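Below is one structure; the comments refer to it alone.
The values are calculated or read from the model by the stated rules, or taken from the named source; none is laboratory data. Note that this is a predicted model, so its numbers are computed, not measured. In this analysis, Cβ positions are derived from the backbone assuming ideal geometry, glycine residues included, and neighbour counts consider all displayed protein chains.
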Amino acid sequence: MSKVRKTREEKIQSGYRLQNFRLAEEARREVKDASEFGYLSSEYVLKDLRKTIIFSLLIMGILVMAKRYLG
């Protein structure tokens, strides 16, 4: 089997395809990262922190009320 050499045009086309593949792969990776790590966005972190503080205060209030009521 003899090796067929690529012409200059074929090499250029191959280079363009490789470059486009890299760009497309990079774009897909960015979308994947955004979907996987979107929950780390500051608005979600603040929302979760608010919920945690509210529930903590609620539980602390219930404990204080129970302590006063029980003794």
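Filter the stretch 31-60 for residues that are of a type in the set (Asp, Glu) and exposed (fewer than 10 other Cβ atoms within 10 Å of the Cβ); which is modelled with the highest pLDDT?
Residues of the stretch 31-60 that are of a type in the set (Asp, Glu), as a first pass: 33, 36, 43, 48.
From what is left, the residues that are exposed (fewer than 10 other Cβ atoms within 10 Å of the Cβ) are 36, 43.
Details: Glu36: 76, Glu43: 82.
Ranking the qualifying residues of the stretch 31-60, first place goes to Glu43.
Cβ-Cβ distance below 8 Å, separation of 6 or more or different chains: which pairs start in the stretch 31-46 with a residue that is part of a helix (DSSP H, G or I) and end on one that is surrounded by 10 or more Cβ atoms within 10 Å (Cβ to Cβ)?
From residues that are part of a helix (DSSP H, G or I), the pairs are Gly38/Tyr44.
Which one is modelled with the lowest pLDDT, of the residues in the stretch 5-30 that are assigned to a helix (DSSP H, G or I) and either in contact with a Gly (Cβ under 9 Å, 6 or more places away or on another chain) or of a type in the set (Ser, Thr, Tyr) (or both)? Spell out how you get there, then give the answer.
First, pick out the residues of the stretch 5-30 that are assigned to a helix (DSSP H, G or I): 8-30.
Right, trim to either in contact with a Gly (Cβ under 9 Å, 6 or more places away or on another chain) or of a type in the set (Ser, Thr, Tyr) (or both) and you get 14, 16.
On the way: Ser14: 79, Tyr16: 74.
Selected residue: Tyr16.
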